[in-house]
Each structure stands twice: as C-alpha cells, then as structure tokens.
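Student: What follows is a single structure, and I will ask about it in a moment.
Rule-based calculations on the coordinates, nothing more; no lab input. Not measured: the values here are computed from a predicted model. Cβ placement follows ideal geometry from the backbone for every residue including glycine, while neighbour counts extend to all protein chains displayed.
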Amino acid sequence: MGQESESKAVLVAAGEDRQLPELGRLAQTLGLGVVGVLEQGRRDGVGYVGRGKREELKELVERTGAGLVVTDDELSPAQARILEKVAGVPVLDRTLLIIRIFEAHARDAASRLEVELAELSYRLPRVKGRNTALSRLGGGVGTRGPGEQQLEYDRRVIRERIERIRKKLQEERSARRVRGARLKREGPPSVTLVGYTNAGKTTILNTLSGESRSTADRLFETLETTTRLVSGDHENYKNGRSSVRPDFVLTDTVGFIRKLPTQLVHSFASTLEAAADADIIVLCADAGSESLEEEIRTVKETLAETITDVDAGDERHHEAVLCLNKSDTLAEDRRRELRSNYPECILMSAKRDASPLLGAINEALARSRVRMRLLIPHAEHRLVSSLYGNAEIHARNDTTQGIDLDVTLPKPQVKRYADYRTA
C-alpha cells in the first residue's frame with residue numbers, strides 16, 4: 001500500500017452521540033485526508049457497525065482507495081479486528097487518533113510522559129504475543145505455553161513502565177505545587193485560560209503577554225501549560241489607584257474536547273490545577289463554531305467536576321469571564337444573536353484587539369480580591385503562615401506589637417482576618 005493511500009481515511013461513526021465533523025478535524029490535524037464517511041444511528045456491540053454497514057464500509061474503502069478507517073469511538077480489540085478484517089485496511093479508533101495527535105504536539109518532558117502513559121494504558125489490554133500462534137502451544141492442562149509466557153512478560157514490562165511514569169509525573173506535580181505556592185506568595189494574581197480545543201487561547205496569551213507561541217489552526221496545538229506575566233502599571237497600583245491595572249500571571253492550558261479518552265485525563269492534570277488555583281478563569285470558545293453551546297457546556301461541566309476534586313476544602317472563589325473569540329469571522333446579525341444569548345460575554349477577535357478581555361479581567365480581579373492592612377500579634381503567627389500561598393503579600397514589617405502586613409486577599413478569606421484589619 002502506497003504512502004498516498006495510507007494518508008486517505010474513511011470516517012465511521014455509530015450511536016446517538018456522533019461527532020463526524022470534529023472527527024474529520026482530528027483526522028486532518030494528523031495529516032489525513034478524509035475521502036469518505038459512514039454512519040449508523042445504532043452502535044453494534046460486535047463490530048461497532050452492523051453487518052450490512054460493514055459491507056458498505058468495505059465497498060467504500062475499495063472505491064475511494066482509502067488506506068485507513070477512523071472510528072468516532074474507542075473500539076474493543078474484538079471490534080477492531082472485525083472491522084479490519086472486513087475493510088482490509090488498518091483501523092484507528094478515536095482514542096488512538098487523539099493519542100497520536102498528542103504525541104505529535106508534545107514538546108516538554110512532562111507532556112511526552114503523559115502521552116506515553118496514555119498509550120501504554122491503551123495498549124495494555126490489547127497487547128499480543130510476538131507470535132500469536134505460540135499462544136496455542138500449551139504444555140498440558142494447567143500449564144502455560146511459551147506464547148502465554150511472552151504475553152505475560154510483555155504485560156509486565158508495560159505495567160512496570162506505567163508505574164515509573166506515574167512516579168515521575170507525581171514528582172512533577174509536587175514540584176508544580178511548590179512553584180505555584182511560591183508564585184502565589186511572591187507574585188501577582190493569576191488568570192487561567194481554559195476552553196475547547198482550538199478556541200484561540202494561545203493567540204490570546206500571545207496578544208496580552210507579547211509571547212510568540214505557535215497558533216497553527218490545528219486541534220491540540222497546545223499541550224503543555226504555559227505561564228506568562230502580563231505587566232501593568234506598578235507605581236500607580238501600589239499607590240492605591242484602582243483605576244489602573246495590576247500585573248497578573250496568565251496561564252494557557254490544553255483544550256478540552258468531547259468524548260475525551262480516559263487514558264488522556266492525566267494530560268489535563270496541570271490544566272485542572274491551574275484552573276483550581278486561579279483568581280480568574282477565562283472560558284474561551286470559538287464564536288464561529290457550529291457547536292458553540294455544546295462546547296461551552298463541555299468545558300463548564302468538566303471544570304465543575306474536576307475543580308471540586310482538585311480544590312476540595314479550599315475556600316477559593318473563582319471569578320469567571322466568558323470570552324467568545326474569533327468574532328471577526330461572523331456576520332453582524334450573528335454577533336447580535338450571541339450578545340443576546342450570552343449578555344455577559346466578551347465578543348472579540350484576539351488577532352485584532354484583545355483590550356475588551358483585558359478590561360474584563362481587571363474588573364474581575366477588582367471584584368475577586370480585597371487589599372487590606374493587617375496587624376497580627378506575634379502569638380498568632382500561624383495566621384501569618386496561612387497567608388502565604390493564599391494572599392498577595394505587598395509588604396511585611398515586624399514590629400513590637402506584631403507583624404504589620406500589606407496584603408491583597410481573595411474575598412472569601414477577608415472575614416477570617418477582619419479582626420486584625422487596620423486599614
């Protein structure tokens with residue numbers, strides 16, 4: 001089979017939750033050309049699609065010269081074998097397709113480890129011996145043949161590698177928490193960009209921070225969490241003029257997607273931590289998407305579930321800003337419709353002008369935090385310790401009466417320190 005044929009793909013989707021347009025974009029992101037589609041309203045437990053549809057698939061592959069079949073859902077090993085046998089070409093399910101995209105876009109060491117972990121978790125239940133015929137050569141009842149021994153060896157090697165990767169990722173996660181605590185202790189407030197994949201989050205980061213990261217029009221172009229400083233007016237802010245903006249730390253994160261493979265949940269760990277620790281969450285969406293409402297709902301539901309887990313017991317309140325990006329591609333009547341449907345949204349194009357979002361972030365920062373002066377007695381030093389990592393410390397001075405602090409606190413924590421407030 002030639003290289004040109006291998007780059008041609010037929011898409012197959014079954015069941016009620018079919019996402020063929022998105023599957024097509026995923027395939028194109030991996031460099032595949034979509035030459036045909038096949039769908040069925042009912043998912044078949046044996047071969048993903050029914051026998052009749054499988055015959056249609058065979059004819060479609062032969063007619064288009066496709067070298068690959070891509071399915072919209074993760075397949076069991078048996079389903080994959082049946083489809084491959086009928087179609088006569090390799091079958092790539094949605095999970096492995098996304099893993100391959102992540103693999104192509106992983107740039108830092110942590111991202112590459114997360115992708116490797118995802119692929120090993122995917123492969124483990126599908127691993128086969130190097131010679132499948134050996135698995136039938138047993139040594140008698142109750143004994144294992146060499147094929148089975150090889151299978152168990154392969155599985156053990158994969159399990160051991162999975163454990164090593166998990167340990168490394170846990171170490172990286174602990175290091176991120178230390179860095180994050182130091183940043184919160186020493187630095188300005190934090191803003192995290194979250195959203196559906198390809199919503200333009202990296203373009204927003206580039207525009208606000210002057211960064212020049214890749215913004216190619218591909219799904220999952222950004223995998224690693226990236227943090228940059230957006231500078232404000234230092235002197236006026238320190239002098240208490242609330243009308244000028246402070247510095248803030250802006251974090252770009254990996255995009256969400258519907259039907260995210262469970263094996264890739266690890267890849268979102270730093271994203272979820274960044275969102276849980278943020279003072280402001282900016283939910284970004286592509287204003288021109290035909291599935292805009294569903295994409296916004298997917299991100300909100302995922303965040304609601306995961307931030308609760310990551311941030312359990314924390315009093316942090318998360319201000320949220322909805323940013324509908326890429327509005328320059330829309331007709332005026334569609335813009336009016338979006339403003340009506342999402343009256344609190346920031347409708348803009350980051351490539352043209354991100355100042356509306358910058359203004360909304362500053363307003364949200366002002367709402368979410370309170371600057372105050374505290375005098376905490378030396379006997380209650382534990383209260384000072386608890387400030388670090390939760391508040392922005394502008395100044396500290398040890399006096400005979402206690403510790404004099406100039407701090408900016410998240411609003412939910414103001415009540416706790418109200419008795420020590422001096423200004």
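Student: As an exercise, identify the trypsin sites (Lys or Arg not before Pro) in segment 349-423 lying in DSSP coil whose Cβ has no more than 15 other Cβ atoms within 10 Å. Numbers along the way, then the final one.
Tutor: Values: sites: Lys351, Arg352, Arg367, Arg369, Arg371, Arg373, Arg382, Arg396, Lys415, Arg416, Arg421; in loops: Lys351, Arg352.
Those satisfying the criteria are Lys351, Arg352.
Student: Can I ask one more? Once the cut-off is 11 Å, how many percent of the Cα-Cα pairs in segment 370-420 end up in the long-distance tail? Kindly include the intermediate steps, with their values, before the conclusion.
Tutor: Numbers: 843 of 1275 pairs.
For segment 370-420, the fraction of Cα-Cα distances above 11 Å is 66 percent.
Student: Sorted from fewest to most neighbouring beta carbons within 10 Å, what does the list Cys345, Cys323, Cys284 look like?
Tutor: Going from least to most buried by this count: Cys345, Cys323, Cys284.
Student: What order do you get for Val407, Val157 when you list them from fewest to most C-beta neighbours inside 10 Å?
Tutor: Val157, Val407
Student: In percent, what relative contact order does segment 327-423 have, based on Cα pairs under 8 Å that are 6 or more apart in sequence?
Tutor: Over segment 327-423, the number comes to 27 percent.
Student: Sticking with this structure for a sec: Amide H neighbours of Asp44 under 5 Å, counting only residues 5+ apart in sequence or on other chains, H built in-plane at 1.01 Å?
Tutor: Sorted by chain and number, the residues that satisfy this are Val49, Gly50.
Student: What is the magnitude of the charge dipole of segment 70-125 about its Cα centre, with +1 placed on the Cβ of each Lys and Arg, -1 on the Cβ of each Asp and Glu, and no other charges, expressed in debye to the nearest 20?
Tutor: 180
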